[in-house]
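J.: Shown below is the structure under consideration.
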Amino acid sequence: MKNLMALILTILVAAPAWPQDLDEESRKAAQAAEARSKGESAAQDAKARRAVEDAGAVTYEMVLAKPDDVDLNYRWAKAQVERGDLKGASATLERILMVKPSLTRVRLTYALVLYRLDSLPEARRELEIVKGQASGAVKAEAEEYIRLVDQKTRLTHLHGTLGVGYQFDDNRNAGPSSNQRLFGGVPVNLTTGRATDDTSVLFLAAAGIRRDLRGNFARALVADLSYYRAEQTTVNTLDLQAYSFSAGPEFQSGRLTVTPALVFDHVRLSEETYLRTRGGRVRVERRLSKRLAVFGQGQVMVYDHIRTSDIPTATERTGNESTLRGGAIVTLTPTQRLTAETGYQQKDARKMYNAYERNTVGLTHAWLLGKGRFLLSGLNVDLDRYAAPELAIARQERKDDKTRVSWTFGQPLGFLGKPFAPLLLTVSYEYLHANSNITNYAYTNNKVNGMLTYRWDY
């Protein structure tokens, strides 16, 4: 027995480079996918807003004082678009064009407003006029929106993303801040397994299809497939690959949108299958006003962990996971949006010291900076309470409090020329602080990465 305990102690002191917090590791691909989705959404919003960025300060009283001032009326129309008064902007732009039909920039803005009002035949007609009259950047923009109009009128839509990036973590293996681990409640100084910094090359690919149904309630069928890979420079035991697939219908009635989906994931660590998940989720979102929307989401997943060469105890984590989330999306200004959410998660496991309950709160702020640029800021707090103690480590039940702060800046590269228009450069920073009553799981990590992505739509 003493020899066995000595062997376990030796293994603990000379711990391998994989992290104690394996649940955090298995979610990295999902976190990367969520960050990519938020970045793409912000980039699209920033691009859509470029047409009205130079409206400046203008009021209706100023327009009444100078009703024949074309420039003032044009700026007023842009201000109306910013406030969400698309019909009012359409009327203002139409009035300008009745007086000055040769103003191609005004006509292009008019076409964009019609596009956003879903008056697609009328929008295409105006865009064809602009294409015939204009040249240079205005003509190229008109051609781009003609493509978008044609795309929107199709029943089947395809999209894809390719990306490559580089990342630095100053504690890639989640080494404890104390440089100690508990063994039977006794702290042991680590010789290996301490906080290890590392760099990695990131790859991502995603493809999706949407088939519009044009029904009164059933609006579309949607399917998405994604692949994520992180190749470590030094800590090769943490080389990560993840394949994800989701598919389901989309229902819409007025301001209510319901999107159920089946979800499948496959996660590999160090070139070996570590985790397979399957399950379903449903998201419900309702817009209450132009400035406020609320949402709720439920998800049930089966986590099937597979033993690997580096993680022989992986199967102890196999079990079901249930998650409930809800929150609100508030449009603070035409350029700023705040999302606040809270959630509850229950994770079962074969060994109860791997089972836990999680309460979470989060804030995400999206800020459109102009010229297609954006800044995403996030704050997330998770409170994890485990179901039973792992007696080989300590007698008390594990309690973790994790705080995650992040920023992402996005810069489209279209200013370099038309071939660069689909490219987006993002630079991100994340600070993770994990506080725990068990020193093994208390650590911090600073992460910086840059990502170049190419997106196409058809």
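J.: Which entries of LYS152/LYS418; LYS47/LYS152; LYS78/LYS100; LYS28/LYS447; LYS66/LYS87; LYS66/LYS139 have Cα-Cα distances beyond 19 Å here?
T.: Going by Cα-Cα distance, LYS152/LYS418; LYS66/LYS87; LYS66/LYS139 fall outside the 19 Å limit.
J.: Whole angstrom only: what separates the Cα centroid of segment 232-251 from the Cα centroid of segment 361-423?
T.: 17
J.: Cross-link candidates for LYS290: which aspartates and glutamates have Cα within less than 17 Å, leaving aside residues fewer than 8 places away along the same chain?
T.: ASP45, GLU82, ASP85
J.: Let me spell out the model: positive unit charges on the Cβ of Lys and Arg, negative unit charges on the Cβ of Asp and Glu, origin at the Cα centre of the chain. What dipole size does that give, in debye rounded to 20?
T.: 1020
J.: Testing the spin-label approximation: label points 7 Å from Cα along Cα→Cβ at GLU128 and PHE264. State their distance in nm.
T.: Here the answer is 4.5 nm between the modelled labels.
J.: Still on this structure, please answer the following. Got a sec to turn the phi values of segment 254-270 into Karplus ³J(HN,Hα) couplings, 6.51 cos²θ - 1.76 cosθ + 1.60 with θ = phi - 60°, whole Hz, x for Gly and Pro?
T.: The phi angles translate into x, 8, 9, 10, 10, 10, x, 7, 8, 10, 9, 9, 9, 10, 10, 10, 6 Hz.
J.: Another question about this same structure. May I ask you to sort VAL106, VAL405 by Cβ crowding, counting other Cβ atoms within 10 Å and putting the fewest first?
T.: VAL405, VAL106
J.: Taking θ as phi - 60°, what are the ³J(HN,Hα) couplings along segment 207-220 by the Karplus curve (6.51, -1.76, 1.60), each to the nearest whole Hz, with x for Gly and Pro?
T.: Each residue of segment 207-220 in turn: 9, x, 9, 9, 10, 6, 9, 6, x, 5, 10, 7, 9, 6 Hz.
J.: List the residues, sorted by chain then number, that are 5 or more residues from ILE438 or on another chain and whose placed amide H is less than 5 Å from its amide H.
T.: LYS399
J.: For a Förster distance of 51 Å, can you work out the FRET efficiency between the beta-carbons of LYS351 and ASP45, rounded to the nearest 0.05?
T.: Given R0 = 51 Å and the Cβ-Cβ separation, E is 0.70.
J.: ARG172's amide H: which non-local residues (gap 5+, or another chain) put their own amide H closer than 5 Å, with H modeled 1.01 Å from N in plane and none for Pro or chain starts?
T.: Result for ARG172 returns THR196, ASP197, ASP198.
J.: Each label point is 7 Å from the Cα along the Cα-to-Cβ direction; what then is the distance between the points at LYS100 and ASP71, in nm?
T.: It is 0.9 nm.
J.: Give the order of GLU128, GLU40 when sorted by the count of other beta carbons within 10 angstrom, beginning with the fewest.
T.: Least to most surrounded, the residues fall as GLU128, GLU40.
J.: Treating only the Cβ atoms of Lys and Arg (+1) and Asp and Glu (-1) as charged, compute the dipole magnitude of segment 170-253 about its Cα centre; round to the nearest 20 debye.
T.: It works out to roughly 280 debye.
J.: Hey, another quick one. Among ALA388, SER309, ALA293, flag the residue with its Cα farthest along the positive direction of the charge dipole of the chain, charges on Cβ as +1 for Lys/Arg and -1 for Asp/Glu.
T.: Toward the positive end, the furthest listed residue is ALA293.
J.: Sticking with this structure for a sec: To make sure I understand, if each residue's beta carbon is the centre and we count other beta carbons within 10 Å, what order do THR453, THR315 fall in, fewest to most?
T.: Least to most surrounded, the residues fall as THR315, THR453.
J.: Using only DSSP helix segments of four residues or longer, with each worth -39500 (n - 2.57), what per-residue ellipticity at 222 nm results for the chain after dividing by its residue count and rounding to 500?
T.: So the calculated ellipticity at 222 nm is -8000 deg cm²/dmol.
J.: Sticking with this structure for a sec: Once fully extended, how much extra length lies between TYR429 and ASN216, figured as 0.36 nm per residue of separation less the alpha-carbon to alpha-carbon distance?
T.: Residue separation times 0.36 nm, minus the Cα-Cα distance, leaves 72.3 nm.
J.: Okay, moving on. Whose amide H sits under 5 Å from the amide H of ALA394, counting only residues 5 or more places off or on another chain, with H placed in the peptide plane?
T.: Here GLY184, GLY185 satisfy the definition.
Only the coordinates and a few stated rules stand behind these numbers; no lab work does. Quick caveat: nothing in here was measured; it's all calculated off a predicted structure. FYI the Cβ positions are ideal-geometry reconstructions off the backbone, even for glycines, and counts take in every protein chain you see.
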